[in-house]
Amino acid sequence: LSIVTVSALAQDFPSKPITFVVPFAAGGPTDTVARQLAESMRKHLNNVAIVVDNASGAGGTIGANKVARATPDGHTLLVWHIGMASTPALYRKLPFKPLDDFEYLGIINDVPMTLVGKPQLPANTYRDFENYIRANQGKLNLGHAGLGSASHICGLMWQYAVKLDKSMATVAYRGTAPAMNDLIAGTIDVMCDQTTNTTQQIEAGRIKAFAVTTAKPLADHPLLKHYPTLQEMGLRDFNLTIWHGLYAPKGTPAPVLQKLNEALRAALRDPEFVQKQKALGAIVPAANDRRVTPEGHKAFVANEINKLKAVIDAAGQYAD
Ligand code: MLT
């Protein structure tokens, strides 16, 4: 494309509705983040319609690959979390290369996780919870959203840390929205899920919560501040926060990428978006957080790929 047409392209961008591909089922944490972000970003993109396409399966890698192969014109984007960094260590034949097949548009948020149980679970504290698991070896199951999902990685790390029940069965779903329905119904017993999905259920008493996965207590959150961290419960060094990023296919023209990054950064300063995320326990990066720049976002993910590989290798014997 000559310089003239590229800048003309940016002027015309967006020239049609934008699609946010969410690689998990509707109604789950990733979907919630994507829809709230779309509502805010579109205000800075001539009020363009932004539609969400829930392309789920294989721990999010099917949806991610759909975007890696999409037309690089800025109208098809990916909202994905740590899966971009965890899947290289878990999928021998990953159909895309995280650091080569995407343009990095910036980090959207950081989200704590909560260890939660079905409402009938006879435990009210984390200690009771561990004792119940110890007393019911091989009888309980943990739900997650597929290999490499946040709930899978958290389950892996937690089981490796507590070494309580190596035979705990795991049940894979197309996202933690359907998994949450089964937890509420008591079909599954345990889950580690993001606060964007659990806060309202805990508040409504539909599930039980036992601990949070962050290094520090969630002191700012009116509900989540009441739960201990896993470190306080004796799981030394346990520290897991989920992050979400926004991506375009490799080769999307630079002026289009710049417009999208600017719209993302405007959303990160949108009080409505920030407040909605805060209510769900999620934290939006500060304006000076390097990860809101494409270079900073990519460097962060490259580091996370190495970090998660070490975690997964160590906990490997607990992989599905
Ligand atoms: C996960 O566990 O990776 C997410 O909760 C999946 C989802 O957004 O449903």
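The values are calculated or read from the model by the stated rules, or taken from the named source; none is laboratory data. Treat the numbers as computed from the prediction; the structure is a model and nothing was measured. Reconstructed Cβ throughout: ideal geometry from the backbone, glycine too, with neighbour counts over all protein chains shown.
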Residues of the stretch 265-320 being part of a helix (DSSP H, G or I), touching a Ser or Thr at 6+ places or on another chain (Cβ under 8 Å) and among the aliphatic types (A, V, I, L, M), in sequence order, are A266, A267, A279, L308, I312
In the stretch 234-258, anything out of contact with any Asp or Glu (no Cβ under 8 Å at 6 or more places or on another chain) and in a strand (DSSP E or B) is listed as H244, G245, L246
Is the stretch 150-171 home to any residue that is assigned to a loop (DSSP other than H, G, I, E, B) and within 12 Å of the ligand (Cβ to nearest atom)? no
Listed by first then second residue, the pairs whose first member lies in the stretch 213-226 and is among the small types (G, A, S), whose partner is surrounded by fewer than 17 Cβ atoms within 10 Å (Cβ to Cβ), with beta carbons under 9 Å and at least 6 positions apart or on separate chains, are A215/D237; A215/N239; A219/K225
Out of curiosity, is N141 more than 16 Å from the ligand (Cβ to nearest atom) and not small (G, A, S)?
no
Within the stretch 22-60, the count of residues that are outside any helix (DSSP H, G or I) and farther than 14 Å from L260 by Cβ comes to 16
Take F210 and tell me if it is more than 23 Å from the chain's Cα centre (by Cα), modelled with pLDDT of 95 or more and outside any loop (DSSP other than H, G, I, E, B).
no
Restricting attention to the stretch 61-70, the residues that are outside any loop (DSSP other than H, G, I, E, B) and of a type in the set (K, R) number exactly 1
Checked G186, G205, G234 against criteria (surrounded by fewer than 19 Cβ atoms within 10 Å (Cβ to Cβ), more than 16 Å from the ligand (Cβ to nearest atom) and closer than 16 Å to D128 by Cα); the one match is G234
R127 fails exactly one of (1) assigned to a loop (DSSP other than H, G, I, E, B); (2) in contact (Cβ under 8 Å) with a residue 12 or more places away in the chain; (3) closer than 27 Å to H221 by Cβ, namely (1)
- Tell me, yes or no, whether the stretch 69-83 has at least one residue that is small (G, A, S), within 15 Å of the ligand (Cβ to nearest atom) and either surrounded by fewer than 23 Cβ atoms within 10 Å (Cβ to Cβ) or free of Cβ contacts under 8 Å to residues at least 60 places away in the same chain (or both). no
Y91: passes all of (1) surrounded by fewer than 20 Cβ atoms within 10 Å (Cβ to Cβ); (2) farther than 28 Å from F273 by Cα; (3) away from the ligand (no atom under 16 Å from the Cβ); (4) under 22 Å from the mean Cα position of the chain (by Cα) but (3)
Those residues of the stretch 172-183 that are within 18 Å of the chain's Cα centre (by Cα) and either more than 9 Å from the ligand (Cβ to nearest atom) or β-branched (V, I, T) (or both) come to a total of 2
Given the conditions (1) surrounded by 15 or more Cβ atoms within 10 Å (Cβ to Cβ); (2) out of contact with any helix residue (DSSP H, G or I) (no Cβ under 6 Å at 6 or more places or on another chain), every one holds for N306 apart from (1)
* Asked: Taking the stated definitions as given, is S15 modelled with pLDDT of 95 or more and part of a loop (DSSP other than H, G, I, E, B)?
  -> yes
Scanning the stretch 41-57 for residues that are among the polar types (S, T, N, Q), on the phi < 0 side of the Ramachandran plot and surrounded by fewer than 22 Cβ atoms within 10 Å (Cβ to Cβ) gives N54
Selection from the stretch 260-290 of residues of a type in the set (D, E, K, R), touching a helix residue (DSSP H, G or I) at 6+ places or on another chain (Cβ under 7 Å) and under 26 Å from T198 (Cα atoms) yields D270, E272, K276
Here the residues within the stretch 71-94 that are of a type in the set (V, I, T) and part of a loop (DSSP other than H, G, I, E, B) are T71, I82
Exactly one of L218, L268 is at pLDDT 95 or above, within 28 Å of N65 (Cα to Cα) and either in contact with a Lys or Arg (Cβ under 8 Å, 6 or more places away or on another chain) or not acidic (D, E) (or both), and that one is L268
